[in-house]
1. Of the residues Ser9, Ser26, Ser15, only one is touching a Lys or Arg at 6+ places or on another chain (Cβ under 6 Å) and either modelled with pLDDT under 95 or open to solvent by less than 50 Å² (accessible area, probe 1.4 Å) (or both); which?
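The values are calculated or read from the model by the stated rules, or taken from the named source; none is laboratory data. Note that the structure is predicted; figures quoted are calculated from it, not measured. No Cβ is skipped: glycine too gets one built from the backbone with ideal geometry, and neighbour counts run over all protein chains shown. Note: areas computed on protein heavy atoms with side chains; ligands, DNA, RNA excluded. Shrake-Rupley method; radii C 1.70, N 1.55, O 1.52, S 1.80 Å.
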Amino acid sequence: PQLAYWVNSQRLQYSRLLANDTKGGSSMTPDRVTALEELGFIWDITASTWEERLGELREFRKTHKHCNVPCDFSENPQLAYWVNSQR
């Protein structure tokens with residue numbers, strides 16, 4: 001829980017830094033951005049997850065020759081949910 005809170009806080013501070021938030025300010029610095037990025041830190045988890053699922057759908061299509069992932073696809077339930085939510 002503490003690490004998750006800290007990670008979310010870093011993302012919030014990064015957003016403020018990018019927005020040049022003068023009201024709330026940001027504790028994020030370019031050095032901190034670099035340090036986190038060197039660790040492979042993902043700033044936009046939503047976009048990252050979307051890209052990951054798209055890659056999984058590509059693999060599904062290679063194997064099955066279609067993109068109609070069944071809702072009860074037990075091999076990858078997250079892909080099934082994601083495909084359904086894209087429709």
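1. Ser26
Residues checked against (1) in a loop (DSSP other than H, G, I, E, B); (2) more than 30 Å from Tyr81 (Cβ to Cβ):
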{"site": "Ser15", "(1), (2)": "no, no"}
{"site": "Asp21", "(1), (2)": "yes, yes"}
{"site": "Gly25", "(1), (2)": "yes, yes"}
{"site": "Arg32", "(1), (2)": "no, yes"}
{"site": "Ala35", "(1), (2)": "no, yes"}
{"site": "Thr49", "(1), (2)": "no, no"}
{"site": "Leu54", "(1), (2)": "no, no"}
{"site": "Leu57", "(1), (2)": "no, no"}
{"site": "Thr63", "(1), (2)": "no, no"}
